[in-house]
Amino acid sequence: MTMRMRAMRASVLAVVLGGMAAPGPAGTDGQQKPPSAWSRERGEAIFFGREPLIGRLEGDNAVIPAELSRCANCHGSSTKGQAGLRLDRSTLLGLKKRRGGPPSAYTRDAFCRLVGTGVDPAFVIAAREMPRYALDEAQCSSLWTYLTDGSESHAR
Ligand code: HEC
């Protein structure tokens, strides 16, 4: 093994161990907070920006201001007429050609990947206008449930 490789290994290990040793979010009493739960209501709050997410445009480090990054701005009722931007059971769960790729449908995991990285279920990359979001499992499950549970109140 070369010195360089050994050094790389050591730094990778340091990152892994450092991450493991990092304390979780602590409450005022020093106790670890339980991971926040997911719910349809939380998904609605995220969709309309009451719970802001950190969103960025691909290739840009600047965080988009919350009032511009909320999903409803581009996927809400006012954009109903715009093809391709409606998010509900039929557009997400239906087998559809998206962005010129082969027909594909979303699962929760595929949805989370799209929202986080822009890569769609057929591995086609979404346009830059769709921000990439830093979101955790609970936030993503909340959004997914809100958009696909069939009540469609977000599309009113
Ligand atoms: C600034 C406008 C904008 C915002 C804000 C935005 N999107 Fe998008 N989104 C788009 C555009 C434009 C596309 C279509 C991209 C393409 O087809 O390449 C898209 C595509 C998507 C798709 C893929 C749909 C499909 O059929 O493949 C999903 C899922 C999605 N957005 C979810 C979200 C969620 C969830 C949020 C909020 C966390 C959000 N978007 C916020 C503009 C936006």
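Would you kindly identify the helices (runs of 4 or more DSSP H) lying entirely within region 56-97 that contain at least 2 residues that are over 15 Å from Asp120 (Cβ atoms) and either at pLDDT 95 or above or near the ligand (Cβ under 10 Å from one of its atoms) (or both)? Don't jump to the end; show me each part of the working.
Numbers: elements: 66-69, 71-75, 89-93.
Passing ranges, in order: 66-69, 71-75.
So how many residues does region 113-153 have that are within 14 Å of Trp38 (Cα to Cα), within 10 Å of the ligand (Cβ to nearest atom) and outside any loop (DSSP other than H, G, I, E, B)?
Selection size over region 113-153: 6.
Determine the pairs where a residue that is over 9 Å from Gly116 (Cα atoms), located within region 131-142, has a partner that is outside any helix (DSSP H, G or I) and within 12 Å of the ligand (Cβ to nearest atom) with Cβ atoms under 8 Å apart, the partner being 6 or more residues away or on another chain.
Close Cβ pairs (under 8 Å, with a partner that is outside any helix (DSSP H, G or I) and within 12 Å of the ligand (Cβ to nearest atom)) amount to Gln139/Glu51; Gln139/Leu53.
The values are calculated or read from the model by the stated rules, or taken from the named source; none is laboratory data. No experiment lies behind these values; they were computed from the predicted model shown. For neighbour counting, all protein chains shown are included, and Cβ atoms are generated from backbone atoms with ideal geometry for every residue, glycine included.
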